[in-house]
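One structure is given below, encoded as structure tokens.
The values are calculated or read from the model by the stated rules, or taken from the named source; none is laboratory data. As the structure is a prediction and not an experimental result, all values here were calculated from the model. Note: ideal-geometry Cβ built from the backbone for every residue, glycine included; neighbour counts use all protein chains shown. The accessibility values were calculated without ligands, DNA or RNA, using every heavy atom of the protein model including side chains. Shrake-Rupley method; radii C 1.70, N 1.55, O 1.52, S 1.80 Å.
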Amino acid sequence: MRPVKKILLFIVALVLNSPLHLAGAQSLQGKNNEWDKLVAAANKEGKVVVSIPTSAELRTQFESAFRAAFPGIDLELDVGRGGSNINKIVEEHNAGARRVDLHIGGTVSIITGLLEQNLLEPIMPMMMLPEVKDPRNWWAGHLWADHAKRDVYSFTAYITETA
């Protein structure tokens, strides 16, 4: 995986889904030199590939928010069930083709499919913006799904009702 794209898209996902619900990444320009350099490098590279669950609403929201924030970067969405997406990522990795820059999906498939095979990078170094790093800006703080609290991050939290 090319780190520029992976880092950029992960930060974009965090910013777009943060409780702050910032008005897009353009409002962040000039606030952080490291961020500005990353966005410039991503614009030069020109494309990010994101694996997401099968949700028409998620796809529409993700596409429109990303394109508004980063009009110079092409977005390719791989849409599928979590296990299918994970298997595809692992197969591509094993073949030496690292195409997906970010996977958004359920924690079980990420932990059993990516974490166990050591295919994840630590997340905290990717959090460049002070408002993203600060756990006070997140409902319940930073939520980790892995024991090391470094590789599997939950940028959403919800409660389901069971009968």
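With a Förster radius of 30 Å applied to the C-beta separation of residue 41 and residue 107, the computed FRET efficiency comes to 0.55.
For region 47-114, the C-alpha radius of gyration sits at 1.13 times the compact-globule guess of 2.2 N^0.38 Å, with N the residue count.
Within region 83-158, the GluC sites (Glu not before Pro) that combine a DSSP coil assignment with at most 16 other C-beta atoms in a 10 angstrom radius are 116. Rolling a 1.4 Å probe over the protein heavy atoms leaves residue 102 with an accessible area of roughly 20 Å².
What the Cβ-Cβ distance of residue 87 and residue 139 gives, at R0 = 41 Å and to the nearest 0.05, is a FRET efficiency of 0.85. When the chymotrypsin sites (Phe, Trp or Tyr not before Pro) in region 64-163 are filtered for DSSP coil states and for at most 12 other beta-carbon atoms within 10 Å of their beta-carbon, the remaining sites are 139, 158.
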